[in-house]
There are 2 protein chains.
Amino acid sequence: MKAALLSVGTELLLGEITNTNVVYLSRELNTLGIDVMYHYTVGDNPARLAEMIEMAFKDCDLIITTGGLGPTQDDMTKEIACQVMGDEMVLQEDILEEIKRRMLAYKAYMTDNNIKQAEMPSRAVIFYNDAGTAPGFALDRTLADGKKQYIACMPGPPREMKRMFTRSVMPWLEGMAEGVLVYKELRMFGIGESELETALLPLIDGQTDPTIATYAKDSECSVRVASKRANRAEAEAAVEDMIRKVDELVGQFIYSHDDEDLVRVVSRKLMEQKLTIACAESCTGGMFAAALTDIAGISECFDRGIVTYSNEAKIQELGVKPETIETYGAVSEETALEMATGIRRVSGTDIGISVTGIAGPGGGTDEKPVGLVYIGLDYKGEVTCRKIDRRITDRGRNRRYSTLSMLDMLNRALG
Amino acid sequence: MKAALLSVGTELLLGEITNTNVVYLSRELNTLGIDVMYHYTVGDNPARLAEMIEMAFKDCDLIITTGGLGPTQDDMTKEIACQVMGDEMVLQEDILEEIKRRMLAYKAYMTDNNIKQAEMPSRAVIFYNDAGTAPGFALDRTLADGKKQYIACMPGPPREMKRMFTRSVMPWLEGMAEGVLVYKELRMFGIGESELETALLPLIDGQTDPTIATYAKDSECSVRVASKRANRAEAEAAVEDMIRKVDELVGQFIYSHDDEDLVRVVSRKLMEQKLTIACAESCTGGMFAAALTDIAGISECFDRGIVTYSNEAKIQELGVKPETIETYGAVSEETALEMATGIRRVSGTDIGISVTGIAGPGGGTDEKPVGLVYIGLDYKGEVTCRKIDRRITDRGRNRRYSTLSMLDMLNRALG
């Protein structure tokens, strides 16, 4: 099946918002085995929208639209889709009731615009919206040569769209296709995308089901393993079997088999194991503490973090010995370890973690280049150090990579 | 002039990357007075790319493409654009020399693919690429009815594209249009987008030149004022005049008249005024320190930051009195102020800034709801406190808003 994604909204053409819907839908459709051929964006203009739908149907069997389903005058995706697909609008009493119920709950008044939202093409498969008021729908038409074409229309706000897609559109797409699709996303750190692709080549090569797709994001990679079989049990077994093979090749880099963030994995382990932690940061300047404290409930585990940017702060706050900094430098294994044991002693936590490095762009030398970073870990008195020397010269990337490395080191220590 | 943006790259159709180029180009073109009618995305497929260019020209006079200019087999935007515009490819010796020079500098070998990069349509206006190896170019064609159509092709990586756009494509576009365009972007904090639009309505209403466009991003807003006049002096005067009017209406919220980030504005002032600073964070968990230390050279000013999540840490690290926490609570004006003076005393800096609040989603009460935040500032012994009570229930938004508020408060104190 060949698909086009059609985004509707003048705000996109004005550059007011970034289109993340097409990223999400492209991935999901590709996983479902549907080829995404085109992305189109058009403003809130009925004639151009109708023209674009017809144009997309020249090459594709399926169009997925997002946006233009709201209650205002501007919103006309529903009416245009209905017209192009040769259907007519009817008032759907049950949708009207649901909208009334919602408006009452929000203490808002019904307007004619809200009633417009309850009108739907008569042949539509309706997708309820449990995150907003605008329902979505799907319609089909049969061409003179017997070929069937489909359009599915969803609201534009990403949160509403994603919920509708996973709960309603995906099952609808699966229902059209034969078989059941199952997929899992593995997340990893410490391996680059090209290195990952090379490692998985024996699995990817000539493989049609399960399919394996790799994605890269900043310093992380992920692998999506998907299988479409006659029934769920078979598809699950095929995915699990492939994941075992992926594990054998690159298992040491995988931190989640369930598409969970590294910081979530680490926080969950800290909370489960009832461990307390404190951190001492230099080059990351608070990013590690900020990442960890983004997780609700982490206050049970996270006691404090100190950003010791100056040497005096390292000495005064963490008890790093002045001689250590003089002899080995602030960016050294020795300083990193004294920072880790220092923050653990000061805060009385189970774990102390530290980082010191040269973030760049300035401050590097031949001996200690930009990108040189040391991470110290004191886990209940057992100390270890990790050296990073990847010659990353971009300050931002360096700091993000160092933060992820701290989480990775911690994750491995937590087992 | 009506324009279409055409993004070329299979990675976009696979959902591997987010298309930020169209956001940037849409804004820039709209500012230039060029209407962006469509965004199109197509994979690395010559036939579909050619078809899409012809289709876009049905409605538009200008197509701007990004992507597909690299040295590999996949990259064919140049060849297809050349073919559609009725031109032929020729080897451009000066580009070849430039590529050779670059390859030598990177100690890389020339391949046939690199030579391909030096071939250009014979009639092309060439845009040099000073951030990468693939040059861009523009071509035109004249239709039978005398109408002129233009295509400008740029590389896909955003950094290369943006540099090429501002340095070469924008002047080329301005050269085609009559008059000179001047614009300025004002950035502000503390006002919502709808409030801003309402405030500026008397200026926006019926205004054709200068134009005024508002944008919102997370908790910040910006206003872009643009004027196109016969000459630069006239356009600049018109923009300055309008900015004075904007200043009169919403000047108290503006922190930059030159599109500078709030954290950059604050860091610049700290460095210029040679002030030292330390921070004590609770609910933001290190985000303020992380934001400030993202700026290269800030180590001159930033001494240390302490994330005091637990009450003990507040007492132990900052000298907050246990009675203060007992009597007023950890989230109170009193605690915020003791944190600010505490961190300033401990670190011996000119400025101490603190934050304590309820980030959510849990932990709120009727008296102290989620979103209640206090910021304390000790500026050379003069203390002030800001209370935020916006009932933001999203943890992430709350933390970002608090961090920006700290920067805003500091910015106002720095004058």
If you scan the range B:317-341, which residues turn out to be in contact with a Ser or Thr (Cβ under 8 Å, 6 or more places away or on another chain) and within 14 Å of chain A (Cβ to nearest Cβ)?
-> B:E317, B:L318, B:V320, B:A330, B:V331, B:M339
Of the numbered conditions (1) touching a Leu at 6+ places or on another chain (Cβ under 6 Å); (2) assigned to a loop (DSSP other than H, G, I, E, B); (3) among the polar types (S, T, N, Q), B:T284 fails exactly one; give the number of that condition.
-> (1)
For the range A:299-314, what are the residues that are in contact with a helix residue (DSSP H, G or I) (Cβ under 7 Å, 6 or more places away or on another chain) and either modelled with pLDDT of 95 or more or charged (D, E, K, R) (or both)?
-> A:E300, A:C301, A:F302, A:D303, A:R304, A:G305, A:I306, A:V307, A:K314
Over the range B:342-384, the set of residues more than 14 Å from chain A (Cβ to nearest Cβ), β-branched (V, I, T) and under 11 Å from B:A280 (Cβ atoms) is B:I375
Identify all residues within the range B:55-77 that are hydroxyl-bearing (S, T, Y), more than 14 Å from B:L139 (Cα to Cα) and surrounded by 23 or more Cβ atoms within 10 Å (Cβ to Cβ); write none if there are none.
-> B:T66
Mind telling me which of the residues A:A278, A:A290 ends up being outside any loop (DSSP other than H, G, I, E, B) and touching a residue at least 60 places away in the same chain (Cβ under 8 Å)?
-> A:A278
Which of (1) under 19 Å from the mean Cα position of the chain (by Cα); (2) outside the structural domain of A:Q83 (by TED's automatic domain parsing); (3) closer than 14 Å to A:L32 by Cβ does A:R187 not meet, given it meets every other one?
-> (3)
Restricting attention to strands (runs of 3 or more DSSP E) lying wholly within the range A:91-176, give those where 3 or more residues are over 15 Å from A:P71 (Cβ atoms).
-> A:125-127, A:136-142, A:148-154
Working only within the range B:2-43, note down all residues that are touching a residue at least 40 places away in the same chain (Cβ under 8 Å) and either in the same structural domain as B:D209 (by TED's automatic domain parsing) or part of a strand (DSSP E or B) (or both).
-> B:K2, B:A3, B:A4, B:L5, B:L6, B:S7, B:V8
Residues in the range B:307-319: is at least one more than 33 Å from the chain's Cα centre (by Cα), in a loop (DSSP other than H, G, I, E, B) and more than 19 Å from A:T349 (Cβ to Cβ)?
-> yes
Single condition A:R48 does not satisfy, out of (1) surrounded by fewer than 18 Cβ atoms within 10 Å (Cβ to Cβ); (2) of a type in the set (D, E, K, R); (3) more than 9 Å from chain B (Cβ to nearest Cβ); (4) within 25 Å of B:L29 (Cβ to Cβ) | (3)
Kindly indicate whether A:M103 is surrounded by 15 or more Cβ atoms within 10 Å (Cβ to Cβ), touching an Asp or Glu at 6+ places or on another chain (Cβ under 7 Å) and either among the hydrophobic types (A, V, I, L, M, F, W, C) or at pLDDT 95 or above (or both).
-> no
List pairs: first in the range B:350-379 and farther than 13 Å from B:A336 by Cβ and outside the structural domain of B:I392 (by TED's automatic domain parsing), second assigned to a strand (DSSP E or B) and not aromatic (F, W, Y), Cβ under 9 Å, 6+ apart or cross-chain?
-> none
Could you tell me whether any residue of the range A:360-379 is within 14 Å of A:T308 (Cβ to Cβ) and part of a strand (DSSP E or B)?
-> yes
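Looking at A:G9, A:G43, which is the one that is at the interface with chain B (Cβ under 8 Å from one of its Cβ atoms), buried (at least 19 other Cβ atoms within 10 Å of the Cβ) and over 21 Å from the mean Cα position of the chain (by Cα)?
After ruling out the rest, the residue left standing is A:G43.
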Only one of these conditions is not met by A:T356: (1) at pLDDT 95 or above; (2) closer than 23 Å to A:V265 by Cα; (3) buried (at least 24 other Cβ atoms within 10 Å of the Cβ). Which number is it?
-> (2)
Among the candidates A:A289, A:A280, which residue alone is touching a strand residue (DSSP E or B) at 6+ places or on another chain (Cβ under 7 Å), under 20 Å from B:C279 (Cα atoms), more than 8 Å from every other protein chain (Cβ to nearest Cβ) and at pLDDT 95 or above?
-> A:A280
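The values are calculated or read from the model by the stated rules, or taken from the named source; none is laboratory data. Here the structure is a predicted model, which is why all the values come from computation and not from measurement. Reconstructed Cβ throughout: ideal geometry from the backbone, glycine too, with neighbour counts over all protein chains shown.
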